[in-house]
Amino acid sequence: MQPTADMQKQNAGSYDLVYLKQLESESIHIMREVVAEFKNPVMLYSVGKDSSVMLRLAQKAFYPGKIPFPLMHVDTGYKFPEMYEFRDNYCKEIGANLIVERNEEWIEKGAHPTRLGNDKCCWYLKTQGLLEGLRKHEFDAAFGGARRDEEKSRAKERIFSLRDEFGQWDPKNQRPELWNIYNARINDGQSVRVFPLSNWTEFDIWTYIKVENIPIVPLYFARERKVVERKGILIPVYSIDTVDPDSKVDVSESEITTMSCRFRSLGCIPCTGAIPSTAHTIDEILAEVAAAKKSERENRVIDLTSDSSMEQKKKEGYF
Amino acid sequence: MAESKKTLLRFTTTGSVDDGKSTLIGRLLYETKSIFEDQFAAVEKTSKKRGQEEADLALLLDGLAAEREQGITIDVAYRYFETTNRKFIIADTPGHEQYTRNMITGASTAELAIILVDARNGVMTQSKRHGFLVSLLQIPHMIVAVNKMDLVDYSQQVYDDIVDEYKRFSQKLDIHDITFIPVSALKGDNVVERSPNMPWYDGFTLLHYLENVHVMADKNLIDFRFPVQYVVRPHLDFRGYAGMVVSGTISPGEKVLALPSGKTSSVKEVVTYDSNLKEAFASQSVVLTLNDEIDVSRGDMIVRKNNLPTVSNHFEAILCWMDEKPFSLKTHYILKHTSRSVKASVSKLNYRINVNTLHREQADTFHLNEIGRVEITTSQPLFFDSYKSNQATGSFILIDPVTNLTAAAGMIRGPVKELDEVIRIAHQDEHGRRHSSNVTWQGQTISQEARELRNGHKAAVLWLTGYSGAGKSTVAKALEKKLFDTGCQTMLLDGDNIRHGLCGDLGFSEKDRNENIRRVSEVAKLFYENGRIVLCTFISPLKTQRNFARSIIPEGRFFEIFVRCDLSVCKRRDPKGLYKKADRGEIKDFTGVSSPYEEPGNPEITVETDLRSVDEIVEEIIDKLIEAKILEH
């Protein structure tokens, strides 16, 4: 059962707000500021666990009203089938207005990390898809679920992150951000990426999913999956055609093992590996995250191309 | 402890380059197992590439390519770790002077600040500057971590000297809770585990202190303030005001008032997604519904009927300038305060503070990273409290209307003394200019202006400071007699007399001496507002004490009179036999013997009682008062 502020008060005999409630309250405050001050905000919805938490916070921020902005999923065409299914069902269930944007030109050209390289593929399908989506709908503010604990350049990110007309981030020239007063004023062409989960950690996200009973894509839970290992990353066999569409890599039957595994973070199939795990419940996931010796994005190929790959992508317009 | 019961502590760390800040944070993260293997491996790899033998933990913290290239921190980074009872958010801020704005960015949300001092270098200018910023931003708790103790042989003497020096300095500041801890971030002494190398230190380890410092007590739970962010109106039967309770508490049934309309109602429900609450308190985001249909929109503020903030469009503030483009008196900035944005101009620039010396300087602009005191006028009234009593309603930002960049951070000190305004307007009327001003001196039926007109002189506070035996009382008595004889309304507040009654409960500890001066200053202000020339004779050895008195009296009406006399002469005179007692150790904390006297830096008047006669000195002071237009010829 979720501890309400009232219960906590009785327990502590004071006005201490437990930290998850404090994080929640701050995120709600941020969302309300954005909706009040921008003309046309949108929430970037990637169907992952952070998106799920962000969506619940949006429901809370505007309750008993509806979420006053659409969700936009930038679809590369390479997401897991379970993600598409979850996305469509859940958005329908909660009555959210979902927009799906795809860079059709490059999807048709068969953009793929093995053909273009990770960085280029990401640029066309994710960054450009995102920027075109924002431009097409004239969104001036976009919520993103990125957190500062994910990656070292994200640790430097403001909550309101100013972007130029090309969606570019200039890390050396960020606006100072003081107290909880956010500067929402922008010039023509500029936009703002807003990160209401900035101060949350991976562990906070899972704890919140548990206490709030938030639905998530089943890929996060461990089950027996047939996998092969490539460059230290576990690839489920059922998606090997997506990982290697040109069949350049031989996969022999002897390499295939059946093991209990799950996905710690979700991205495009070709760049997201599974991790060995036996966590079938949120409690088990929490225990696993608490004991983890490696960071959350260990299974994400796109972060590993250089020491500043995320910073570079963000400079170009990635969220 | 269950995850859901942990509390949160936000702290900031700062120190000069190479004071070991990154190493300290790295140590905290490492010891609390918050560094992952793959992150550590990446750091090791880069360190090796650069020819460093050990993994350089600073690389873990510097998130930007440019920072790693230059090996310095440019911008704030946020780090997270937790222990069994707390979650911590570190705002890791750069210490360079040119990054003051980034330091303020990181410090503005902090409940505690760690200032690192390198034991080998002692207290540097930078360490003092950081202390000043902590004081300015009113961060409730401060730790001075004396680092690199391993490089000074864990010497208690070195540590004690640094503590003494920093304590002396910090007395000038408005810091309430300061803790000193000797550490070695590199070796781990006193960071998480108690150090066997410093058996002479019996305080907490750094982490223990961070885990146990009580921060909720710093919250303002008295003054209910609810800036309305957004009106929730899902259907005709529901109209709710969404916002955060930024201070105080509220329950259904309580009478409230909406600003600026002044309309009253009572709270019907405190609505949240989870359930309606019986009470909402500071830092909770909720939706309030009211029992009456009154007009409330974004930017308005809901408060308790009997506990109102100041409503004014003219106030004094401290500004920290954050824009490359210097401040301009001609620009109308956009001021964002809580959920309200208004046009604002700086109507007066009082002074700039030199952050290294803490001196006030004359200035007509602010450049990047400069700090100073101003008066601000806004196009519509704001509903505010002083920053000191309420951070949420006392802070604001200024936005450049052309570039839309955040140009300054502001902290409200209070409304501009409207008295000045009254006098200025009265002056202008004498010269034939008509003003239809709605400025009134509230709470007084007879204005100070009227009293001054009848008295035939202006009100003023003459603050005589100097050693015991310097002649303050002698000068003050002779001066008062002279003023009385010429028909002036006077009041003499003498140190000894005050301590018989008003301040009879106070001793001579530093805290009590400060309180003594505070009370006297407030009394002086009341008599001042009554139109009198108030003479105050107090040793008031510390600048902060005298500056407090100065701060509550309008400029031009406060005269610090330094009664200068050589200490040896004072001791010879020793009219009350106090020096002899102090020398024998019978009086503790006696100024000039066992506690310091800070000479005034820039007093309005200096008189030298060992060189001039009392009559000459009285004439000197009278001349100055005529010059300052307090008295007429």
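Rg and Dmax over the alpha-carbon atoms of the stretch B:82-237 stand at 18.9, 74 Å. Helical content alone sets the calculated 222 nm signal of chain A at -10000 deg cm²/dmol, taking -39,500 (n - 2.57) per DSSP H segment of four or more residues and averaging over every residue. Cβ-Cβ distance of residue A:284 and residue A:231, R₀ of 35 Å, FRET efficiency by 1/(1 + (r/R0)^6): the value works out to about 0.80. Once the chain from residue B:347 to residue B:45 is taken as fully extended at 0.36 nm per residue, the excess over their C-alpha distance is 103.2 nm. The label-point distance for residue B:275 and residue A:88, in a model that sets each label 7 Å from Cα toward Cβ, rounds to 3.9 nm.
Evaluating 6.51 cos²θ - 1.76 cosθ + 1.60 at θ = phi - 60° for every residue in the stretch B:31-37, the Karplus couplings come out as 6, 9, 6, 10, 10, 8, 4 Hz, glycine and proline recorded as x.
Rounded to the nearest 500, the 222 nm mean residue ellipticity of chain B from helices alone is -8000 deg cm²/dmol, with -39,500 (n - 2.57) taken per DSSP H run of at least 4 residues. Heavy-atom accessible area for residue B:552, with the other protein chains in place and a 1.4 Å probe, reaches approximately 20 Å². With the largest listed first and rounded to whole Å, the semi-axes of the equivalent ellipsoid of the stretch B:307-383 from the Cα gyration tensor are 23, 14, 11. Of the residues A:73, B:96, ranked by 1.4 Å probe accessible area with the largest first, the sequence reads B:96, A:73. Going from the chain on its own to the full set of protein chains, the stretch B:268-287 has these residues losing 30 Å² or more of accessible surface (heavy atoms, 1.4 Å probe, no ligands, DNA or RNA): B:273, B:274, B:279, B:281, B:283, B:284, B:285. Around the amide H of residue B:592, modelled in the peptide plane, lie the amide H atoms of B:597, all under 5 Å away and 5 or more residues distant in sequence or on another chain.
Interface of B with A. Using a 1.4 Å probe and counting protein heavy atoms only, the two chains hide about 6800 Å² of accessible surface, both sides summed.
Expressed as a whole percent, the accessible surface of the stretch B:302-390 that belongs to carbon and sulfur atoms is 48, based on a 1.4 Å probe. Across all directions, the average flat footprint of the convex hull enclosing the Cα atoms of the stretch B:324-367 is 4.1 nm². Computed on protein heavy atoms with a 1.4 Å probe, the accessible areas place B:151, B:29 in the order B:151, B:29, largest first. Debye-formula intensities of the stretch B:571-617, expressed as log10 I(q)/I(0) at q = 0.33 Å⁻¹, are -1.11 (one equal scatterer per alpha-carbon, no solvent). In the stretch A:266-288, which residues have a backbone nitrogen under 18 Å from the label point lying 7 Å from residue A:223's Cα in the Cα-to-Cβ direction? From the stretch A:266-288, the list is A:266, A:274-285. Amide H contacts for residue B:232 (H built 1.01 Å from N in the peptide plane; partners 5 or more residues away or on another chain; cut-off under 5 Å): B:240, B:241, B:242. Residues in the stretch B:283-293 carry Karplus couplings, in order, of 6, 8, 8, 9, 10, 9, 10, 10, 7, 10, 7 Hz; the curve used is 6.51 cos²θ - 1.76 cosθ + 1.60 with θ = phi - 60°, and Gly or Pro positions show x. Beta bridges from DSSP with both residues in the protein assembly as shown: antiparallel share about 60 percent, rounded to the nearest 5. Packing, as the average of other Cβ atoms within 10 Å across residues, places the peptides A:145-152, A:240-247 in the order A:145-152, A:240-247, highest first. With N counted as the residues of the stretch B:501-624, its alpha-carbon radius of gyration over 2.2 N^0.38 Å works out to 1.13. For the segment A:145-154, counting C-beta atoms of other chains within 10 Å of every residue's C-beta and taking the mean gives 4.
In the stretch A:190-206, comparing the full protein assembly with the chain on its own, the residues that lose 30 Å² or more of accessible surface at a 1.4 Å probe are A:199, A:201, A:203.
Taking every protein chain into account, the accessible area of chain A amounts to 39 square angstrom per residue (probe 1.4 Å).
Distance between the C-alpha centres of the stretch B:124-149 and the stretch B:353-404: 21 Å, rounded to the whole angstrom. Peptide B:222-229 has a mean shielding of 1, counted as Cβ atoms of other protein chains within 10 Å of each residue's Cβ. Mean silhouette area of the stretch A:42-158, derived from the convex hull of its C-alpha atoms and averaged over all directions, reads 8.2 nm². Once Rh for the stretch B:193-286 is found with the Kirkwood sum over Cα pairs, what is the Stokes-Einstein diffusion coefficient at 4 °C and 1.567 mPa s, in µm²/s? For the chosen part, D equals 79 µm²/s. Shape class for the protein assembly as shown: prolate, because the ratio a/c of the largest to smallest gyration tensor axis (alpha-carbon atoms, square roots of eigenvalues) is 1.5 or more and a/b beats b/c.
Would you mind classifying chain A by shape? Square roots of the alpha carbon gyration tensor eigenvalues, ordered a ≥ b ≥ c; an a/c under 1.5 is rounded, otherwise it is prolate if a/b is larger than b/c and oblate if not. Verdict is oblate for chain A. Three principal axis extents of the stretch A:174-319 based on alpha-carbon atoms, in descending order, are 59, 39, 25 Å. Taking all protein chains into account, the per residue accessible area for chain B stands at 44 Å² (1.4 Å probe). Applying 1/(1 + (r/R0)^6) with r as the Cβ-Cβ distance of residue A:172 and residue A:119 and R0 = 30 angstrom yields a FRET efficiency of 0.90. Packing here is the average count of other Cβ atoms within 10 Å per residue, and on that basis the peptides B:183-195, A:281-293, highest first, run B:183-195, A:281-293. Using only the Cα atoms of chain B, each taken as one equal point scatterer with no solvent, compute I(q) by the Debye sum, divide by I(0), and report log10 of the ratio at q = 0.07, 0.12 Å⁻¹. Relative scattering, expressed as log10 I(q)/I(0), comes to -0.56, -1.39. At a threshold of 40 Å², the residues of the stretch A:51-80 that become less accessible to a 1.4 Å probe in the full protein assembly than in their chain on its own are A:60, A:63, A:64. Here the calculated FRET efficiency for residue A:98 and residue A:238, from their Cβ-Cβ distance with R0 = 30 Å, stands at 0.70, rounded to the nearest 0.05. Taking every residue in A:207-213 and counting other chain Cβ atoms within 10 Å of its Cβ, the average works out to 2. Each peptide in B:505-511, A:128-134, A:230-236 gets a packing score, the mean of other Cβ atoms within 10 Å over its residues, and the list from highest to lowest is A:128-134, A:230-236, B:505-511.
For the set A:314, B:581, the ranking by accessible area, highest first and with no ligand, DNA or RNA atoms included, is B:581, A:314 under a 1.4 Å probe. If you wrap the tightest convex hull around every Cα atom of the stretch B:488-563 and split its volume per residue, you get 95 Å³. Taking amide H atoms as placed 1.01 Å from N in the peptide plane, the amide H of residue B:186 lies under 5 Å from those of B:148, each 5 or more residues away in sequence or on another chain.
The values are calculated or read from the model by the stated rules, or taken from the named source; none is laboratory data. As the structure is a computational prediction, the values presented were derived from the model and not from experiment. In this analysis, Cβ positions are derived from the backbone assuming ideal geometry, glycine residues included, and neighbour counts consider all displayed protein chains. These accessible areas exclude ligands, DNA and RNA; they are computed on the full protein's heavy atoms, side chains included. Shrake-Rupley method; radii C 1.70, N 1.55, O 1.52, S 1.80 Å.
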